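The block underneath contains the structure these notes are about, expressed in structure tokens.
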Amino acid sequence: MINAIILAAGKGTRMKTDLPKCAFPILEKPMIKYIMDALDKTKVDKKIVVVGYKKEVFYELLNDVYFAEQVNQLGTADAVKAALNYIDDDGISLIIPGDTPLINYEKINSLIELELSMNKDIALLTTILDNPTGYGRIIREDGKIVRIAEENDAYSDEKQIKEVNTGIMVVKNSFLKEAIHKIKNNNSKKEYYLTDLIQFASEISSIILDENDILYGINDLYALSMVEEKVRKNILKKHMLNGVNIINPNTVTIYPDVEIEDGVTIYPNSFIKGKSIIKKGAIIGPNSELNNATVLENAKVVHSVVYDSTINKNASVGPFAHVRLHTVIGESNRIGNFVEVKNSILGTNTKSSHLSYLGDSEIGNNVNIGCGSITVNYDGKAKNKTVIGDNVFVGCNSNLIAPIKIEKNAFIAAGSTITEDVEEADLAIARSKQINKKGYAKKYK
Ligand code: UD1
Ligand code: CA
């Protein structure tokens, strides 16, 4: 049995925010979820999350984990103690701080493999930093790790050491259960340091990460911003290597849970968030924001905003369109300049190219919504529905006062305010009659 103990009970005092540090979002995804996702791809059988400060936040965020409570935050060793009831006497445990979202499953797996093959008390993950300030320094004698000196307790010569503790280790349960109780808090912070476990181990194996990466362990909002930038770049790289063409990637942000197929092109200044899915041949941007949007094959979203909606194949949205709230834009639709579509379902080949509002509507195939036409869905009290059948032509600048139904093949004359249902293939005109007064223009001028 392989356990993972994730330490997330601390407040994160250096963050200077109310939210517990390990729940803080990076590209809208809580830090600890990155770790959980990485763990899901490893051999770990059981995840134990140690919570304390604002524990309810974690109860909301995480499923499929065991929660252990650390009542007072007395240090990282004390946090591990809180999890001991959940682990067996044999087997091994991965211990991982909840503020290391950049750790990936390959690194975790190699540390687990090291422990399984060497069978030492501890397998420790370290890294070399140009500026090791703030981290626990790895003290070696004859190459063997003998101790970790925390920043506040290290001697000045020890502070020169550039090899530091990532906080990530795999331990033998039998060793952990005994040694953890020997740790004392006689240090500058009066905390129980997990790093003191080292001194009780008879043998330690280690992996030194070959990257000069200061981003293990986020302690403040500055480090957080650097990690966010790194996560952002990693996501872009993954998509580009998968065949997504991203133009000027410095200006593009793709959030972690977005799925994009190869053959998609993304132009500058685009944000793609939430559980968005983008299929082959689609074009996004420039200057577009998508959140929980599904954009199917060869559809285009240009200079536009799409929230919680689906854009079907070959449809074109924008420039300057706003599509939102469970809207389905039909196949080969054209939704153009300054058009807002809310909570509406549109059929195939339908067009609304200029200056319209379509809200709470159900619109069929081959419908033409003329420039400036509006579904008048709100009467000041309730939102009402507009239904428009196939092949309807809605002339420019029409108001369709909902609830209303325009049956298929009907024709609405431009400038009409329609208040009564229109039957199949009828023509509706609802505007005042024009009078031309002979020669009056000349007289007027
Ligand atoms: C820790 C290590 C340090 C290492 C660094 C790597 C110790 C004593 N030091 O320092 O050697 O270089 O991580 O980033 O372990 N936590 C609890 N309960 C507590 C205290 C902390 O659950 O009582 C949790 C925190 O929520 C956090 C994690 O443990 O997720 C690490 O705590 P933190 O205070 O950030 O440790 P560092 O000082 O960074
Ligand atoms: Ca830390």
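The values are calculated or read from the model by the stated rules, or taken from the named source; none is laboratory data. Keep in mind that this is a model prediction, so the values were computed, not measured. When we count neighbours, we look across all protein chains shown, and the Cβ atoms used for this are built from the backbone with ideal geometry, even at glycine. Heads up: the accessible areas ignore ligands, DNA and RNA and are worked out on the full protein's heavy atoms, side chains in. Shrake-Rupley method; radii C 1.70, N 1.55, O 1.52, S 1.80 Å.
General observations
- Selection from segment 214-238 of residues that are touching a helix residue (DSSP H, G or I) at 6+ places or on another chain (Cβ under 6 Å) and more than 16 Å from ligand 1 (Cβ to nearest atom): Leu236
- Residue match in segment 315-324 (condition: surrounded by fewer than 19 Cβ atoms within 10 Å (Cβ to Cβ) and over 20 Å from the mean Cα position of the chain (by Cα)): yes
- Set side by side, the residues Val227, Val231, Val244, Val252 differ, and just one is within 16 Å of ligand 2 (Cβ to nearest atom) and among the β-branched types (Val, Ile, Thr), which is Val227.
- Filter pass, Leu241 being surrounded by 18 or more Cβ atoms within 10 Å (Cβ to Cβ), of a type in the set (A, V, I, L, M) and over 23 Å from Ser309 (Cα atoms): no
- Yes/no for Asn337 being in contact with a His (Cβ under 7 Å, 6 or more places away or on another chain) and surrounded by fewer than 17 Cβ atoms within 10 Å (Cβ to Cβ): yes
- Residue selected from segment 72-84 under the condition open to solvent by 20 Å² or more (accessible area, probe 1.4 Å) and touching a strand residue (DSSP E or B) at 6+ places or on another chain (Cβ under 7 Å), by the criterion farthest from ligand 1 (Cβ to nearest atom): Ala82
- Subset of segment 185-226 [in a helix (DSSP H, G or I) and surrounded by 17 or more Cβ atoms within 10 Å (Cβ to Cβ)]: Leu194, Thr195, Asp196, Leu197, Ile198, Ala223, Leu224
- Extreme residue, nearest to Glu178 (Cα to Cα), among residues of segment 104-131 that are open to solvent by less than 10 Å² (accessible area, probe 1.4 Å) and assigned to a helix (DSSP H, G or I): Glu115
- Scanning segment 164-175 for residues that are open to solvent by less than 20 Å² (accessible area, probe 1.4 Å), away from ligand 2 (no atom under 16 Å from the Cβ) and in a strand (DSSP E or B) returns Val170, Val171.
- Single match in Ile122, Ile139, Ile168, Ile103 (criterion: on the phi < 0 side of the Ramachandran plot, within 15 Å of ligand 1 (Cβ to nearest atom) and either more than 35 Å from the chain's Cα centre (by Cα) or among the hydroxyl-bearing types (Ser, Thr, Tyr) (or both)): Ile139
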